[in-house]
Amino acid sequence: MAKRINPLMLQRIVKAQLWSLTGFTIGILFFIIFFISIKGLPQITLEFLTSNPVDMGRSGGIFSTIVCTLYLIFVSLMIAMPLGVGAAIYLTEYTRESRLTHIIRFGTECLAGIPSIIMGLFGFAFFVMALGLGWSILSGGMTMSIMLLPTIIRTTEESIKAVPYELREVSFSLGVTRWQTVTKVVLPSALPGIVTGIVLGIARCIEETAVIIFTVGSSLRLPESFFDSGRTMAVHFYILAREGISMPNAYGTAAILILSILFINLSAYYLARQFLKKIC
Amino acid sequence: MAAKIVVKDLSFSYNHQRVLSAVNLMVEADSILGIMGPAKSGKTTLLRIFNRLCDLIPHVRIEGEVFLDGENILRPGLNVDRLRKRVGMVFDKPVPLPRSIFENLAYGPRLHGIKDKKRLEELVERSLRLAQLWDEVKDRLNESAMKLSGGQQQRLCIARTLAMEPEVILLDEPTYGLDPISTLKIEQTLQSLKESYTIVLVSNNTWQVARTTDNVAFLLMGELIEYGSTHEIFTVPKDKRTDDYISGRFG
Amino acid sequence: MKEKLIEKTLMLLAFSAIGALLLMAVFIFKEGMPIIFKVGIKNFLFSTHWAPTKGHFGVSSMIVSSLFVTIGAMIIGVPLALACAITLAEFAPQRVTVILKPTIELLAGIPSVVYGFLGVVLLVPLIRDYLGGPGLSLLAASIILAIMILPTITSISIDAIKAVPYSYKEGSLALGATHWQTIRMVILKAARSGIITAIILGMARAIGETMAVIMVAGNALRLPQSPLSPVRTLTSNIALEMGYAAGDHRAALFATGIVLFVFIMVFNVSANIITKRWRRE
Ligand SMILES: Nc1ncnc2c1ncn2[C@@H]1O[C@H](COP(=O)(O)OP(=O)(O)O)[C@@H](O)[C@H]1O
Ligand SMILES: [Mg+2]
């Protein structure tokens with residue numbers, strides 16, 4: 001049998017290996033961001049951002065897809081926010097832990113695990129076909145809002161739980177009702193945490209593709225109302241890249257996608273830090 | 001004197017753990033009742049029953065009756081928000097709401113429907129004066145209440161309760177952990193308030209009870225051992241345990 | 001009165017997530033079950049013959065592909081993720097961890113289409129040139145998925161490792177074990193359920209991923225012969241054909257969704273059970 005390696009020696013080797021694997025992984029992240037930025041940033045001009053795609057996106061810009069993305073974010077949040085925040089308020093302020101809350105939590109967790117393709121199928125069968133909304137920003141927004149619900153519920157719940165109990169007691173002792181206490185004391189203190197959830201939801205709307213193709217469609221026209229079909233940036237990028245329509249425009253769109261996600265994640269992170277600082 | 005609060009055979013338990021047993025007690029109107037007793041004897045619990053803050057805790061059990069001006073406040077269906085507006089509470093730890101001094105005071109009245117700015121300003125000034133805090137904060141009403149010192153925060157909490165114009169004020173060891181000057185100011189405040197308010201003061205500080213109260217209740221392990229005028233209890237206590245407690249032979 | 005109304009409304013809202021989940025299950029099953037019964041469960045699950053326009057609906061090659069792609073992703077991704085998690089939770093200074101953990105979590109935010117695209121322009125040519133085959137392959141899909149699930153597994157594992165009580169570590173170090181021995185024998189053991197949960201959630205993410213896989217997997221309708229063969233997963237099958245499917249064909253795609261749904265539910269429920277045990281420990 002070979003001589004046993006000295007444990008300290010072994011530790012040094014393992015440590016070196018683990019560090020290099022970690023370096024490799026983090027290297028991939030930076031590589032992805034740099035690669036897309038180097039290829040894509042030169043494409044981004046004011047004109048690229050403000051003109052509509054021409055000839056299926058072979059030339060022109062991405063204006064209509066930006067508008068469509070913004071509409072989609074708006075609709076999704078307008079639905080998901082009240083539902084998610086309301087659910088979180090109920091779970092934290094209006095009930096005690098019980099079988100019921102366990103079931104609700106379990107359902108919410110399962111919903112979080114549903115892959116987007118199934119969401120897409122459902123959105124298509126239910127909103128597009130059964131409700132007859134057709135491919136539209138409204139169909140897509142409603143489907144997306146279901147996808148965002150678990151995140152918004154969880155982040156809101158966590159930030160509400162972090163609000164000191166004494167504040168509620170003070171408010172109740174002043175004869176203030178539960179709902180007024182929630183809106184005047186609890187929610188303002190929990191706001192940064194709630195905003196974090198919303199910001200993550202925005203990121204999800206920007207990056208999602210499968211759900212959108214099935215529910216919003218891929219029309220390149222500038223959407224005029226929520227009942228119009230449209231094409232978000234991510235879908236546009238997918239079609240440009242997959243059909244090989246225009247590599248420069250694909251890189252440009254990818255760069256915008258990554259930059260906006262980066263920006264949004266950083267602001268979510270920043271807000272969460274602010275929140276921690278405030279409650280500590 | 002008229003009885004403001006009457007407690008009849010009041011028992012209370014958390015999770016089957018009995019904390020108050022068959023307490024009978026009376027709080028006279030426009031006076032200060034002191035409640036004293038060693039830690040964990042149920043003082044805070046008793047106070048929280050008076051404005052039904054005990055409702056917030058799961059698995060509690062209340063028996064007996066508590067009358068406020070002749071109305072049983074333990075009866076189901078009672079509007080607790082209205083009760084809490086009449087019976088204000090100051091906690092042992094000062095808890096300012098995370099907003100400005102002015103907003104802390106205006107919080108309650110505003111939610112009870114006082115919208116008029118002038119009226120609110122008057123109310124805030126009057127409450128702060130009563131709590132002897134006005135001179136210290138009158139120039140910075142819009143600053144965060146978190147910036148005040150501990151003693152100032154506690155007086156702010158008293159003022160916040162006063163701004164509700166309650167009938168009864170409950171104070172749970174309000175000077176716990178405060179410096180002697182703040183403590184003195186609070187005691188003075190209480191003395192001046194009893195003209196027009198009924199006050200229940202829980203305190204672990206025997207001297208404070210002797211100095212400020214009119215009547216005293218002595219609680220021990222959830223039992224009311226003795227109840228009477230402050231003068232009597234501190235000069236001729238009937239129960240040996242009361243005597244032991246007052247003379248400091250107790251924990 | 002108003003308060004009661006508010007409470008009831010909020011309760012209704014609390015059920016929104018579970019309501020949506022049920023509605024979704026109902027709709028997908030309603031659309032997909034009839035065709036499964038029509039062709040027979042056995043035929044549907046075990047036949048490799050998928051020619052929907054000619055009435056053949058066998059999804060077994062897709063099930064196998066989905067599983068292989070997922071397993072491949074786990075083989076590549078789990079060691080990397082655990083290496084990151086151990087390094088960041090145990091070796092890296094606190095300062096470094098607070099920066100690197102969110103950085104890794106950021107990887108999860110990159111759109112899957114961008115991963116797929118990078119796979120096509122960078123990875124696929126490499127595979128084609130150095131390993132042979134068409135490049136678009138099971139291997140390419142596994143590598144891209146591995147990178148995509150790294151953040152999830154790493155982040156949850158870090159939390160699990162950090163949740164191990166400090167006293168365990170102290171006890172082991174006091175007995176003269178090295179830091180690495182302590183990690184291997186004590187910490188990883190104590191954090192086991194958390195790490196397993198992380199891995200299961202990563203698997204669920206991998207088997208459900210669609211856009212990136214469509215772009216790099218080649219989408220051929222065959223049982224995979226080697227890691228270099230092009231494959232079509234359950235998810236890509238739905239996304240590729242949904243655009244033009246009608247009638248039985250569309251129903252069969254919903255049926256494919258049912259199969260996926262069942263896989264995901266199994267993963268989720270097991271993750272949930274293990275997490276519960278982890279909390280109890
Ligand atoms: N929220 C609660 N849940 C369970 N038991 C409690 C709670 N609050 C107080 N108790 C128990 O009730 C008893 C009396 O407490 P308390 O009324 O706070 O006494 P005091 O204020 O005299 O110190 C103590 O034994 C305490 O442990
Ligand atoms: Mg107490």
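The values are calculated or read from the model by the stated rules, or taken from the named source; none is laboratory data. Just so it is clear, the structure is predicted and the values come from calculations on it, not from any experiment. Virtual Cβ from ideal backbone geometry, glycine too; neighbours counted across all protein chains shown. Ligands, DNA and RNA are excluded from the accessible area calculation, which covers all protein heavy atoms including side chains. Shrake-Rupley method; radii C 1.70, N 1.55, O 1.52, S 1.80 Å.
Below, the figures for the structure above:
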| read-out | value |
| --- | --- |
| Members of the stretch B:16-35 found to be open to solvent by less than 50 Å² (accessible area, probe 1.4 Å), over 19 Å from residue B:90 (Cα atoms) and away from ligand 2 (no atom under 16 Å from the Cβ), listed by number | B:21, B:25, B:28 |
| Qualifying residue in the stretch A:217-233 (condition: in a helix (DSSP H, G or I) and under 14 Å from residue A:65 (Cα atoms)) | yes |
| Residue check, residue B:182 more than 16 Å from ligand 1 (Cβ to nearest atom), more than 14 Å from every other protein chain (Cβ to nearest Cβ), farther than 30 Å from residue A:178 by Cβ and not aromatic (Phe, Trp, Tyr) | yes |
| Subset of the stretch C:1-44 (residues that are open to solvent by less than 40 Å² (accessible area, probe 1.4 Å) and outside any helix (DSSP H, G or I)) | C:40 |
| Single residue of the stretch C:261-281 satisfying the filter (at pLDDT 75 or above and touching a Ser or Thr at 6+ places or on another chain (Cβ under 6 Å)) that is surrounded by the fewest Cβ atoms within 10 Å (Cβ to Cβ) | C:277 |
| Residue among B:38, B:94, B:76 that alone is within 16 Å of ligand 1 (Cβ to nearest atom) and either in a loop (DSSP other than H, G, I, E, B) or surrounded by fewer than 22 Cβ atoms within 10 Å (Cβ to Cβ) (or both) | B:38 |
| Residue within the stretch A:192-208 that is under 25 Å from residue A:108 (Cα atoms), of a type in the set (Gly, Ala, Ser), within 14 Å of chain B (Cβ to nearest Cβ) and crowded, with 24+ Cβ neighbours inside 10 Å present | no |
| Matching residues in the stretch B:155-175 - criterion: being within 16 Å of ligand 1 (Cβ to nearest atom) and within 11 Å of chain A (Cβ to nearest Cβ) | B:170, B:172 |
| Qualifying residues in the stretch B:47-66 (those that are part of a loop (DSSP other than H, G, I, E, B) and within 16 Å of ligand 2 (Cβ to nearest atom)) - the one most open to solvent (accessible area, probe 1.4 Å) | B:57 |
| Residue within the stretch B:42-50 that is within 13 Å of ligand 1 (Cβ to nearest atom), in contact with a Ser or Thr (Cβ under 6 Å, 6 or more places away or on another chain), within 27 Å of residue C:3 (Cα to Cα) and more than 9 Å from every other protein chain (Cβ to nearest Cβ) present | no |
| Unmet criterion (only one of (1) open to solvent by 40 Å² or more (accessible area, probe 1.4 Å); (2) within 26 Å of residue C:234 (Cβ to Cβ)) for residue C:93 | (2) |
| Residue within the stretch A:130-139 that is in a helix (DSSP H, G or I), within 17 Å of residue C:28 (Cα to Cα), among the small types (Gly, Ala, Ser) and modelled with pLDDT of 95 or more present | yes |
| Residue within the stretch C:196-206 that is closer than 19 Å to residue C:118 by Cβ and assigned to a helix (DSSP H, G or I) present | yes |
| Pairs, first among the hydroxyl-bearing types (Ser, Thr, Tyr) in the stretch C:77-94, second surrounded by fewer than 21 Cβ atoms within 10 Å (Cβ to Cβ), C-beta under 7 Å, six or more apart | C:87/A:19 |
| Selection within the stretch A:85-104 - more than 9 Å from chain C (Cβ to nearest Cβ) and closer than 16 Å to residue A:152 by Cα | A:92 |
| Residue in the stretch A:49-72 that is more than 9 Å from chain C (Cβ to nearest Cβ) and under 21 Å from residue C:26 (Cβ atoms) present | no |
| Any hit, the stretch C:60-82, residues being of a type outside the set (Phe, Trp, Tyr) and part of a loop (DSSP other than H, G, I, E, B) | no |
| Selection status of residue C:197, in contact (Cβ under 8 Å) with a residue 24 or more places away in the chain, touching a Cys at 6+ places or on another chain (Cβ under 6 Å) and within 14 Å of chain A (Cβ to nearest Cβ) | no |
| Selection from the stretch A:175-200 of residues that are in contact with a Pro (Cβ under 9 Å, 6 or more places away or on another chain) and either under 24 Å from residue B:86 (Cβ atoms) or touching a residue at least 24 places away in the same chain (Cβ under 8 Å) (or both) | A:175, A:185, A:189 |
| Scan of the stretch C:228-260 for residues that are open to solvent by 40 Å² or more (accessible area, probe 1.4 Å) and in contact with a Phe, Trp or Tyr (Cβ under 8 Å, 6 or more places away or on another chain), ordered by number | C:248 |
| Single unsatisfied condition, residue B:104 versus (1) of a type outside the set (Gly, Ala, Ser); (2) surrounded by 15 or more Cβ atoms within 10 Å (Cβ to Cβ); (3) facing chain A (nearest Cβ under 8 Å) | (3) |
| Residue in the stretch C:116-139 that is within 25 Å of residue A:241 (Cα to Cα), part of a helix (DSSP H, G or I), at the interface with chain A (Cβ under 8 Å from one of its Cβ atoms) and among the aromatic types (Phe, Trp, Tyr) present | yes |
| The stretch A:154-185 - residue that is away from every other protein chain (no Cβ under 11 Å) and under 11 Å from residue A:92 (Cβ atoms) and, of those, surrounded by the most Cβ atoms within 10 Å (Cβ to Cβ) | A:156 |
| Residue within the stretch B:138-154 that is without any contact (Cβ under 8 Å) to a residue 60 or more places away in the chain and within 16 Å of ligand 1 (Cβ to nearest atom) present | no |
| Hits in the stretch A:209-224 - residues which are open to solvent by 30 Å² or more (accessible area, probe 1.4 Å), in contact (Cβ under 8 Å) with a residue 60 or more places away in the chain and in contact with a helix residue (DSSP H, G or I) (Cβ under 8 Å, 6 or more places away or on another chain) | A:213, A:220, A:221, A:222 |
| Any hit, the stretch A:144-153, residues being in contact with a Phe, Trp or Tyr (Cβ under 7 Å, 6 or more places away or on another chain), touching a residue at least 12 places away in the same chain (Cβ under 8 Å) and open to solvent by less than 20 Å² (accessible area, probe 1.4 Å) | no |
| Test: residue in the stretch A:201-224 that is over 26 Å from residue A:43 (Cβ atoms) and aliphatic (A, V, I, L, M) | yes |
| Top-ranked residue in the stretch C:129-150 [being farther than 24 Å from residue C:203 by Cα and in contact with a helix residue (DSSP H, G or I) (Cβ under 9 Å, 6 or more places away or on another chain); ranked as most open to solvent (accessible area, probe 1.4 Å)] | C:131 |
